[in-house]
Structures are given as structure tokens and as C-alpha cells.
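The next block holds one structure in the form of C-alpha cells; read it before the comments.
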Amino acid sequence: MKKNRNVGIVGVGQSVYSSHREEVNQPEMIHEAVVEALEHAGITMDDVDCVVHGNMELFEMVHQPDLWHVLGTGAWGKETLRVTTGGTTGATLACAADNLVASGLHDVVMAIGFEKLQEGHTTGGITNMADPLWARQLQTGALTGMTAADMITEFGEERAKKASMIYRIIMDEHAMLNKKAHRRLGLTMDQGDDLAKTSPALVGELRMIHMCSQSDGACVMIFASEEKAKEIRKGRRIAWFKDHITAHREEMFVLFGDAPVFTTHRYAAQKLFERNGIKDPVEEIDVFEMYDPSSWWGSDWLREFLLFDGDEALKLIENEEIRITGKFPVNPSGGVIASNPIGATAMVRVAEAALQVMGEAGDHQIPKDVHQALASGFGGTLWTVLMLLTDEPPH
């Protein structure tokens, strides 16, 4: 797993996330994040060798949007790569940018993820890209009540529902600290019981309050070789890419009965931790930006990513250790439930983890030094991308 050279994240930019960014078109919205990332790094587009661009192309019904977006990205005349891998697009963009720099092909690469969901139809995009017979289960996207049903069966209705709501409210508390987050509702713990009963039902026990939004927004990250990164950051902290892994198992959609499922989350975590010598992720990782489409999935997936058994993950939530001030902070940014511009969503996880390592996350910076950060991406066909960032260049 050795690289030709180390890669550091030297700049991060994000637009404001909202349900409707009607005051800007797509290039203008992306431009907001591009400008912020360049300013954060302290460089100009002249210093960027390559641009990697991605979104869920079907969602806005615009073919090859990277061509139009040159007006906002500044990619004219530069090497450019367009990437789309579903919900994991943002994380794949980060992997591609890391590989382009690590390979020696480019010294400085800008990755751009975006979505302007108000201009398209997400469900239409999902249902039309799947075969109506063989891939029927794909057509609901993230709208599924199965995780809630499984958790209720395993832990009992009262405990499972309460844990999911605790998770949801903590995510909103974090979003309230993040001025760019879309859903900033000001929820409090004493509202939990009422929300669980009164929020509109979507599927089974999955309710509107549990579910992520559809957001407009863009995220930009700038990657540089070790030599360039140290030159650009001028002594400021750098978030280094230590390792990343991609796992997918689409065949899991045709499993029937009660056969045990080895999730891509657990597979990716096992592989990543093993080859990086991580024995106890809760003790050795300082923050986790997890792709959590709903509070039910977030509560359940925590167990998979941390390689827990039984109710250990539930206890972490119940004891509120996932708070920004807790033992194992999860999504200080508010997570996917707060902001979900799909083509950028997984990149936002990596970008926010990088900002935590840099110590530059602003009001939602966790109150301790971040030496190792974990970030995940998720796609509808059970793709998982898992990334490990550090505050020191990997040996």
C-alpha cells in the first residue's frame, strides 16, 4: 500500500447549503466554494494542475455539466476528469485526486463536488437508472425502513427509537454550530418523544425527522504533494491522506431469508484498520465524519465502522459520547442529515475531517487536538469509501 509520495489537503471551500439556491446558477454556486478553497490554501488557479469534477449527472438532467461549469471552476485549459459513482461520488473524487497527486502525475489537484437538487428530480433519476424488474430494490434510494425494523427487533422498540432520536438531536446540535448547514432546527432532548410520534412517517418507523434532506451546494478540496503542501501551508497544520479503501457488494440486494450479511462498512473498516495498525478505533481516532443518510442508519452503522458487537454502539449514543465534546465525536458538522448535496455529500465528510485535523473548523471544531480522523462515503448499491487522515505525513 506504499505511495510514490505523500499527499496533503491544503485548502477546503464550501458553499452555503440550502434546499433552494435560486439566487445562483450552477457555475455561480460552485464558484463560491472554489474561491473559498483557493483563499483557504492561499493560492490561485494558476497553481492548480488538474481539476476533478463530479455529481449525480442524472439528477439535474444536465449532460456533462463539467463543460458548462468551467465558467465557475476555472478549469479552462487544464487537465480535467469527471467522476460519478452515485452517493459515493464525493469520496471517489477525493480518492481520485489523492491518486493523481500520489502518482506524480500532478502536483496540485482541485476536486469539486456539487449538486443543485432543486433543478432536477432525485427520485426520477434513481428510478430511471435501475432496471424495473431486476433492480427494483434500488428504486427507493435511501428511503428504507428496514434498518429501523431490524434495530427494533434486536434492541426493543423503546430503546431503539430513543437511541435513534438521541442521535438525531445530537446531529442537530452540531449543525447549529455550523453556519453553512442546511437543516439547523434547534432541537432539544426534551422534544425527542414528541418528534418520534408527530413527525410525518416515510416508510415504517423511518420518519421525516430521521431522514436527510435534499440540498443545493458545492464542496471543493485542494490536494498537493508533500513538497508543495508544506510550501503552500507555510507552517500551518496539514491534513495528510494516510489511506483509503473502497468496497462494494451489489449482490447483497439479492440476498433472501435471514442469511448473515457482512456489510461493506465492516469490511472496509477491518481492512483499513488492519493495514494501519489501529487496534481500538474509539481510542485511536479523534473524530469521525460519517455518511449518515438517516439517524437510524447512523445509529446502526456506527457499530459496523467501529467493529462493535451487540449494543456497544448504542451505549455510545445513549451516553452521548458522540457529542462534539464527547469521547468519540461523530459529525461535528451536523452530518448528512443536516446537509445533503448528493454529489458533494461524501466529499463534505472528508473536507470536514480535514478541517478538524487542521484545527480550522471554526465554531464546530472539537475541543481537542485531532491527530487521526476518519471519513466515510456511502452509495445506494452498498458502496463504501473509508478514508483515514492524519496530522503527520505517513511514513
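Observations on the structure shown:
- Convex hull projection area averaged over all views, the chain, Cα basis, nm²: 18.0
- Rounded to the nearest Hz, the phi-derived 3J(HN,Hα) couplings of the stretch 21-30 under the Karplus curve 6.51 cos²θ - 1.76 cosθ + 1.60 (θ = phi - 60°) are 9, 6, 7, 9, 8, 4, x, 5, 5, 5, where x marks glycine and proline.
- Binned Cα-Cα distance frequencies in the stretch 239-390 - 5 Å width, integer %: 2, 10, 20, 24, 22, 14, 6, 2, 1, 0
- Zone residues, the stretch 338-367, relative to S19, backbone N less than 16 Å from point 7 Å out along Cα-to-Cβ: 338-341
- Relative exposure of K327, K234, judged by other C-beta atoms within 10 Å (fewest first): K234, K327
- Annotation: extensible slack from V261 through M61 equals 68.5 nm (criterion: 0.36 nm per residue apart, minus Cα-Cα distance).
- Note on the chain: helix-only mean residue ellipticity at 222 nm, from DSSP H runs of 4+ residues weighted -39500 (n - 2.57) and normalised by residue number, equals -10500 deg cm²/dmol.
- Distance between modelled label sites at A149 and T188, nm, 7 Å Cα→Cβ extension: 3.7
- Ranking of T390, T85 by neighbouring Cβ atoms within 10 Å, starting from the fewest: T390, T85.
- Relative contact order of the chain, pairs being alpha-carbon contacts under 8 Å that are 6 or more residues apart, as %: 26
- Descending by average beta-carbon neighbour count within 10 Å, the peptides 58-67, 175-184 line up as 175-184, 58-67, the highest first.
- Mean separation of Cα contacts under 8 Å (6+ apart) over length of the stretch 283-395, as relative contact order %: 32
- Estimated FRET transfer efficiency (R159, R237; beta-carbon r; R0 41 Å; 0.05): 0.50
- All Cα-Cα distances of the stretch 1-50, cut into 5 Å bins from zero to the largest, leave 5, 17, 22, 18, 13, 12, 7, 4, 2, 0 percent in each bin in turn.
- Links that overshoot a 28 Å alpha carbon limit, given the list K2/K116; K234/K368; K180/K327; K279/K368; K197/K315; K197/K368: K2/K116; K197/K368
- Among 69-80, 360-371, the peptide with the highest mean count of other Cβ atoms within 10 Å heads the list, and the full ranking is 69-80, 360-371.
Since every read-out is calculated from the coordinates, none of them should be taken as a lab result. As the structure is a computational prediction, the values presented were derived from the model and not from experiment. Neighbour counts are summed over all protein chains in view; Cβ atoms, including those assigned to glycine, are modelled from backbone coordinates with ideal geometry.
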